[in-house]
6 protein chains.
Amino acid sequence: MVRNDGRNARSLRPVKITRNFTKHAEGSVLVEFGGTRVICTASIEESVPPFLRGRGTGWVTAEYSMLPRATHTRSSREAAKGKQSGRTLEIQRLIGRSLRAVTDMAALGERSVYIDCDVIQADGGTRTASITGAYVALVDALTSLVTRGLLAAVPLKEAVAAVSVGIVSGSALLDLDYSEDSDAEVDMNFVMTSSNRFVEVQGTAEAEPFSSEEMDAMRALAMDGINQLFVVQEEALKQC
Amino acid sequence: MVRNDGRNARSLRPVKITRNFTKHAEGSVLVEFGGTRVICTASIEESVPPFLRGRGTGWVTAEYSMLPRATHTRSSREAAKGKQSGRTLEIQRLIGRSLRAVTDMAALGERSVYIDCDVIQADGGTRTASITGAYVALVDALTSLVTRGLLAAVPLKEAVAAVSVGIVSGSALLDLDYSEDSDAEVDMNFVMTSSNRFVEVQGTAEAEPFSSEEMDAMRALAMDGINQLFVVQEEALKQC
Amino acid sequence: MVRNDGRNARSLRPVKITRNFTKHAEGSVLVEFGGTRVICTASIEESVPPFLRGRGTGWVTAEYSMLPRATHTRSSREAAKGKQSGRTLEIQRLIGRSLRAVTDMAALGERSVYIDCDVIQADGGTRTASITGAYVALVDALTSLVTRGLLAAVPLKEAVAAVSVGIVSGSALLDLDYSEDSDAEVDMNFVMTSSNRFVEVQGTAEAEPFSSEEMDAMRALAMDGINQLFVVQEEALKQC
Amino acid sequence: MVRNDGRNARSLRPVKITRNFTKHAEGSVLVEFGGTRVICTASIEESVPPFLRGRGTGWVTAEYSMLPRATHTRSSREAAKGKQSGRTLEIQRLIGRSLRAVTDMAALGERSVYIDCDVIQADGGTRTASITGAYVALVDALTSLVTRGLLAAVPLKEAVAAVSVGIVSGSALLDLDYSEDSDAEVDMNFVMTSSNRFVEVQGTAEAEPFSSEEMDAMRALAMDGINQLFVVQEEALKQC
Amino acid sequence: MVRNDGRNARSLRPVKITRNFTKHAEGSVLVEFGGTRVICTASIEESVPPFLRGRGTGWVTAEYSMLPRATHTRSSREAAKGKQSGRTLEIQRLIGRSLRAVTDMAALGERSVYIDCDVIQADGGTRTASITGAYVALVDALTSLVTRGLLAAVPLKEAVAAVSVGIVSGSALLDLDYSEDSDAEVDMNFVMTSSNRFVEVQGTAEAEPFSSEEMDAMRALAMDGINQLFVVQEEALKQC
Amino acid sequence: MVRNDGRNARSLRPVKITRNFTKHAEGSVLVEFGGTRVICTASIEESVPPFLRGRGTGWVTAEYSMLPRATHTRSSREAAKGKQSGRTLEIQRLIGRSLRAVTDMAALGERSVYIDCDVIQADGGTRTASITGAYVALVDALTSLVTRGLLAAVPLKEAVAAVSVGIVSGSALLDLDYSEDSDAEVDMNFVMTSSNRFVEVQGTAEAEPFSSEEMDAMRALAMDGINQLFVVQEEALKQC
């Protein structure tokens, strides 16, 4: 089966990670999954939220947003509406949990990392691109602590990346773009670490419930895809 | 392995569904999963939200809340704070998607069902108890449309129920209570229909990422547990 | 004159108070005035709001809410709208003042009691049922402080209860249900202590202003009704 | 007993009503009860809120506010805080109900009157001064409809005014100023029409519950005081 | 050219400043620019906002509002809408900056002055009237600190006042009233100190961009007008 | 005088305008003024706000935001705080007015253009860069209406661009970067059309009031700078 952009079912879209995309953040990455483009920054603050004070451990949290015209039709600005949508909150909670899962909070010490994922162009998979790019921004931000002599080593346990899979017209496909996502019967997102263990799995039947066999097929595709993403992350981190 | 309430790993807590719990709603159920107690009502309105008007199809949506003292320590009231938490929004979106998945929207016609799940006592698994109870309230509300002659048949495709599973001290356990949930390394929620197909799967590594094998073990437990819940739902629906 | 549920003008509806209705709160009561059912919990916190800190006296405050489908037609959820209505604020301020009036704040010491009144089914008189039930929850919560050795005696000066009266078709009636309330020309709520003195009196002409004589007639009915409620409270508190 | 400003227990403070205080509103009054000064405007709009459309009847509603420095110490601005306090909502609902009670909504026709009561200086009794002044502004606004030929007669059934009474050091006093109000054991507000019937009665035990006899004493004082206010209103309305 | 109220292009409307307009504020002024009437109060608080604590310097800030019926048609109340408009925020920021520019913050010491400008009647130029009146209220409030022995001298560097100018039908006019403002092609506001230097200049082309020459003509008118306002301020401050 | 980046007082920073920066918007531009980088999109909607319906004229409006880590230290996200700051509202109103000033609303017809300016990296002058870039995005969006045959000609009257000027250590400097802006005694923003007429002029004395002569010097610098910006805009628009 050939997909509308010529890919086969098991292929990722072209993935590109540009480090140091903006200059102020300790980590700043532009991540692109095909037409999806997200600016991921990681900002260090030398304090933790009140509920963690005095425990000697750190904190990683995330916020997510889309520019109003990241999408085909303009969506209204959440700051103007005065509240974040359920979708936004759900995604930023997912990103935060995913990155906390690979961070050694005790080694980080009493400081926080704020991850900001701002989608400047959306074409499906914005949350998985965000996680994949944010990991690289997090590495850069944490490395800056080592460079500045504040930490002896980067407090990360392993890498983390994410990809979406779906069932479209009965076939499992890796890394859906927007038009595929709109047609998908099932949509799953997998967040996995470099030891090939899962941090988050979220599957939703958009049109038709799915069987255990379909879940297994999607999982296999996702595991393969995420392992490709680890290679892209490593390549990006090698450059300076 | 014996759990703190004497159950084994594959056992549900005592599950009880009381229909007609309050008198005004078209469907009103008190669902109890052990110490977790949730009032689920289903309310019919003879209109649909603006984005669906004129299409001839219906709508099912859900809202979720916990009474401030449903929990061990009092949590502040969302109405007083002026906003719903990300957790609340995430759960009510999940409940809504789960029930929409089994409803025949075309057969329902241009009317809406509002599901309200209000937790009066929380002891783990409030979202899965909510979905399981809300299905029964939905059946009652839709049946009232048939009784009143507005529909020829109840517009449901199959039953839906949900359960949590988790990994505690390395073992997969079904239907975690609050104390188990607090200790769990991994927490997964499965929403499944009576054809044993999944509507939603959500897994989160709270402390340690999980392998494909662990995911499979949790899925097996969940499928077994949800099939027990279908029996409880059916029993409840037999009574009048 | 016989009322639609067979009562006479001077009769309360059946009143029932169930203690220990939920398990986490220090005091938890289900109060029923006929078809009106309210969960009242009293939660102890070992601190006071900032404006009272360091004075050695305590605080009692209340919040009130109705489940969306407590009523004939579903009302929208205040947490979802992001603000509490004027009616809600007015009622919860009334409940708080009523309970503070009988509490010995100095004897309570620097701790707070949060009263939560959540209406699960509404059929008129939700605020008066809330006050009557909340008093029992408050007794239980304060008694728990004595039991735990934190206080020598329950810091309450006397009992408090409340009832509504109204003028319907020219006659004064005690404890209006929803259908009577909708038809009432005048609606009054009396909150009285066991020494037969008033804490709050609120009368509103819904359709027609009322005379001094009518006010006197309503007051007499209310005093009689509240004395009956004190008996119900005492009976409930005798059980263990 | 002589009060701190030389009045006796049964005396009002000097009351002054200035019509046409600002130029844009159909009715605009500055009302002064001693040091309490409130601008009351009545604005006509040729439409009614959605819930009344098509019924041929009118609507009267009220909003209340205090300038931040109307009080001894500056209070924060509700517009800046983004929400109105419970006290504000309670008072504006009271003002609205009081004026609706004397308005003939059918005769008014499908139009609305918005009453705005803005306290520019507060010295006790702001809600009762607001009601008393707003009635005059309402007369002026409704008269403008007659003058413009839109109504045949002013659609008011009778006059309405309000006063506070309280028990201070055991004595019932009429029309409390701020310092008396701060010391009062009981605070009652009476809203009465010119047929000497009550629209609203609100009594609150601030420090000590009150007896039926005390309530009667306060009511007698209030009735006498409000009848004096009707004279002031009439005098003001005679001027042009 | 004669304007609709008989003024010529270079004339201010009648300007009146009434001190001690309300009794609680340390400085309280009613300022009138023709039909525009604003209550300006200055309130002293013996603390500064967190970002200034411990620096030994003071703070001056302002809030602005219009009563709902200050205008021809009633505008909705910002406190009821739950947010201040962009226009309100812009104006109050302007007032705050203007007064801070002439205050010696070090000499003021760690205390704050809150300026409240509440428009009770609007007829054009409310922001410039607010600044002009607020300066006098500020003088009075700061003088009270000297009187109470808390400061040796009034910590003001010079006077400040403001006026609007505009281009109407091609002519530059001073101090536009509402009807002129509605017709203006260009609207400029100048805030100037008594050393004839500018604190704020804001020009907006409402209908047609404006040239350097037009800007110069407006500036000349404004400088002349503001110098007249300084005389009015001084006269007001001479009275006691 | 040489500035810290080697420029002289009359020089702009390097200005770069990249069209078609994102793919969904009708106009999408990345504008860079030195280290200040702003994504400006222009989105067409085939409707106008309610207050303009039925008049046959169009509407142009703008929203402005900064990514949280566009700045040296992370600022909190306005969507998360639930409200836009006064600064944000002020800037987006300025951008909207500036673009409306050069648009022929009658020729545009009943459709709206939404301008979104999102700062991804801030280094001074974000509002002037936004206006300058937004004009190019607006040209592209309006040209798309011509291309699609919906309009006969691009409904723009002339070009518009903006620049900041300031007085730093007594010298007037063009196009301040962040470090200069922080030290400036005076900050002015000029928005000018290609006929060298002004749409907006805003000057603020940050530390010291400024004289007419200083204002004239700043204006001369600004006019020269904006004329350079018109050349950059034209160059960008020539490319395809």
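Values computed for the structure shown
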{"item": "Hey, residue E:93 within 18 Å of the chain's Cα centre (by Cα), free of Cβ contacts under 8 Å to residues at least 40 places away in the same chain and farther than 26 Å from residue D:22 by Cβ or not", "result": "yes"}
{"item": "Test: residue in the stretch F:140-155 that is within 12 Å of chain E (Cβ to nearest Cβ) and in contact (Cβ under 8 Å) with a residue 40 or more places away in the chain", "result": "no"}
{"item": "Residue in the stretch D:207-229 that is surrounded by 24 or more Cβ atoms within 10 Å (Cβ to Cβ), touching a residue at least 60 places away in the same chain (Cβ under 8 Å) and closer than 25 Å to residue D:73 by Cα present", "result": "no"}
{"item": "Output for the stretch C:6-20, where each listed residue is outside any strand (DSSP E or B), open to solvent by 30 Å² or more (accessible area, probe 1.4 Å) and either out of contact with any helix residue (DSSP H, G or I) (no Cβ under 9 Å at 6 or more places or on another chain) or over 18 Å from residue C:124 (Cβ atoms) (or both)", "result": "C:6, C:8, C:14, C:20"}
{"item": "Filter pass, residue A:19 being touching a strand residue (DSSP E or B) at 6+ places or on another chain (Cβ under 8 Å), within 13 Å of chain F (Cβ to nearest Cβ) and at pLDDT 95 or above", "result": "no"}
{"item": "The stretch C:73-119 - residue that is within 12 Å of chain D (Cβ to nearest Cβ) and of a type in the set (S, T, N, Q) and, of those, farthest from residue B:120 (Cα to Cα)", "result": "C:98"}
{"item": "Residues of the stretch C:32-86 that turn out to be under 19 Å from residue B:42 (Cβ atoms) and of a type in the set (Lys, Arg), as a count", "result": "4"}
{"item": "Lone unmet requirement of (1) closer than 22 Å to residue C:176 by Cα; (2) in contact with a Gly (Cβ under 8 Å, 6 or more places away or on another chain); (3) free of Cβ contacts under 8 Å to residues at least 40 places away in the same chain; (4) not aliphatic (A, V, I, L, M) for residue C:10", "result": "(3)"}
{"item": "Any hit, the stretch D:173-187, residues being within 14 Å of chain C (Cβ to nearest Cβ), touching a strand residue (DSSP E or B) at 6+ places or on another chain (Cβ under 7 Å) and touching a residue at least 40 places away in the same chain (Cβ under 8 Å)", "result": "no"}
{"item": "Count - residues of the stretch F:40-60 that are touching a Ser or Thr at 6+ places or on another chain (Cβ under 7 Å), hydroxyl-bearing (Ser, Thr, Tyr) and closer than 17 Å to residue F:104 by Cα", "result": "1"}
{"item": "Checking residue C:203 against (1) open to solvent by 10 Å² or more (accessible area, probe 1.4 Å); (2) of a type in the set (Gly, Ala, Ser); (3) within 9 Å of chain D (Cβ to nearest Cβ); (4) within 21 Å of the chain's Cα centre (by Cα), the condition it does not meet", "result": "(1)"}
{"item": "Residues (among the β-branched types (Val, Ile, Thr) and either open to solvent by 20 Å² or more (accessible area, probe 1.4 Å) or more than 30 Å from residue D:76 (Cα to Cα) (or both)) located in the stretch E:21-55", "result": "E:44"}
{"item": "Of all residues making up the stretch A:145-168, the number that are in a strand (DSSP E or B) and either open to solvent by 10 Å² or more (accessible area, probe 1.4 Å) or basic (Lys, Arg) (or both)", "result": "2"}
{"item": "Single unsatisfied condition, residue F:195 versus (1) facing chain E (nearest Cβ under 8 Å); (2) crowded, with 16+ Cβ neighbours inside 10 Å", "result": "(2)"}
{"item": "Selection count, the stretch A:17-29, where residues are hydrophobic (A, V, I, L, M, F, W, C) and under 14 Å from residue A:135 (Cβ atoms)", "result": "2"}
{"item": "Residue check, residue A:130 of a type in the set (S, T, N, Q), open to solvent by 10 Å² or more (accessible area, probe 1.4 Å) and assigned to a helix (DSSP H, G or I)", "result": "no"}
{"item": "Filter result (among the polar types (S, T, N, Q) and either within 14 Å of chain A (Cβ to nearest Cβ) or in contact with a strand residue (DSSP E or B) (Cβ under 8 Å, 6 or more places away or on another chain) (or both)) within the stretch B:48-72", "result": "B:57, B:61, B:65"}
{"item": "Of the criteria (1) touching a Cys at 6+ places or on another chain (Cβ under 9 Å); (2) free of Cβ contacts under 8 Å to residues at least 40 places away in the same chain, which one residue D:68 fails", "result": "(1)"}
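Rundown of residues vs (1) in contact with a Phe, Trp or Tyr (Cβ under 8 Å, 6 or more places away or on another chain); (2) touching a residue at least 12 places away in the same chain (Cβ under 8 Å); (3) under 15 Å from residue D:118 (Cα atoms), yes/no style:
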residue	(1), (2), (3)
D:28	yes, yes, yes
D:32	no, yes, yes
D:37	no, yes, yes
D:40	no, yes, yes
D:56	no, yes, no
D:63	yes, yes, yes
D:82	no, no, no
D:97	no, yes, no
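Results for (1) among the hydrophobic types (A, V, I, L, M, F, W, C); (2) at pLDDT 95 or above; (3) more than 22 Å from residue B:41 (Cβ to Cβ), shown as yes or no for each residue.
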| position | (1), (2), (3) |
| --- | --- |
| B:141 | yes, yes, no |
| B:154 | yes, yes, no |
| B:159 | yes, yes, no |
| B:192 | yes, yes, yes |
| B:212 | no, yes, yes |
| B:221 | yes, yes, yes |
| B:232 | yes, yes, no |
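The values are calculated or read from the model by the stated rules, or taken from the named source; none is laboratory data. Not measured: the values here are computed from a predicted model. Here Cβ is always computed from backbone atoms with ideal geometry, including for glycine, and neighbour counts include all displayed protein chains. These area figures cover heavy atoms from the full protein model, side chains too; ligands, DNA and RNA do not enter into them. Shrake-Rupley method; radii C 1.70, N 1.55, O 1.52, S 1.80 Å.
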